[in-house]
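The values are calculated or read from the model by the stated rules, or taken from the named source; none is laboratory data. The shown structure was predicted, so the numbers you read here are calculated from the model rather than taken from an experiment. Because the Cβ atoms are built from the backbone with ideal geometry, glycine has one as well, and the counts that use them run over all protein chains shown.
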Amino acid sequence: MQHETTTWNGEPAIRVRLDYDEAREYLALDEEWIGVLDSLTVSERDEATLELYLVPLREVAVYAVGAAGEPTEHLPALTSAATTWVEVDYDESLFSLEGIDRTAYFDVLDRAARIIAREVRAWDTEDISRLVGLLTRLDEIGDRADRRVAAEDYVRMDALPSAPIPEGVDTAYPVWAVDKQGMALVGPRADEIESVDEVRAACEEQTRRMQGIPLRCHKCGHTWMYRGGSQYRTTCPACYITVYLDKCEITHAGMARE
């Protein structure tokens, strides 16, 4: 088996060439292709080469069969498949081609990640889902590389392209980027989308909770400043019954008069 790192339509790829015997082993479970290979004459088998382009950005392999990787007029049944994209799992293909060294594999993954990173930096801020998709692809490459790389190795997460972040939207939420439609990329892993209005409301609620919510127990009348994390209920520290925030909240002025 021969392989090399190359490109396919401008994308990084690993090109693999298999002779007849290697092709039969690789395609052992594909009845259609085995039938094609079986139809070859002895001389055609000596010339036949199965050529695969493993392209991580597309997760598919391209087959081309012919002499030295070139389709020939003597193999019309194979020539028709020379430029067909075949949906084959990328990792499964690599597992079946154990002769590919890890250096070539990681080199192609690195080149693919750099292409995606350029697209991230060139994002036009029109649709936040486009940015999320690109960052997800970077994470997938990290998974394939056994987490030897991460999105942060290729793009600065704290400097993503963004439309202006409106006033009142706290970047500590965190808000990683905003598009022109008012949708924001948020979350610790930068993988959630919320509207700017939702983010602003959450920031305001977070600020309010940091200051404390004044409560009065409906049973014993005890008042205290609640700084817990629940949005619905808590326990009165005096009589230990359950109280509901929306029913027991009082104003700060009312708290001061107590």
Under 6 Å by Cβ, and 6 or more places apart or on different chains, what pairs join a residue from region 172-187 that is in a loop (DSSP other than H, G, I, E, B) with one that is of a type in the set (D, E, K, R)? ASP179/ASP127; LYS180/GLU126
Of the numbered conditions (1) under 18 Å from the mean Cα position of the chain (by Cα); (2) surrounded by 13 or more Cβ atoms within 10 Å (Cβ to Cβ); (3) of a type in the set (Lys, Arg), ARG148 fails exactly one; give the number of that condition. (2)
Over region 112-149, the set of residues touching a residue at least 24 places away in the same chain (Cβ under 8 Å), more than 16 Å from TRP176 (Cα to Cα) and not in a helix (DSSP H, G or I) is ALA145, ARG148, VAL149
Extreme residue, surrounded by the most Cβ atoms within 10 Å (Cβ to Cβ), among residues of region 29-54 that are more than 19 Å from MET1 (Cβ to Cβ) and in contact with a helix residue (DSSP H, G or I) (Cβ under 7 Å, 6 or more places away or on another chain): VAL36
Restricting to region 53-74, what's the tally of residues that are assigned to a loop (DSSP other than H, G, I, E, B) and either among the small types (Gly, Ala, Ser) or at pLDDT below 70 (or both)? 6
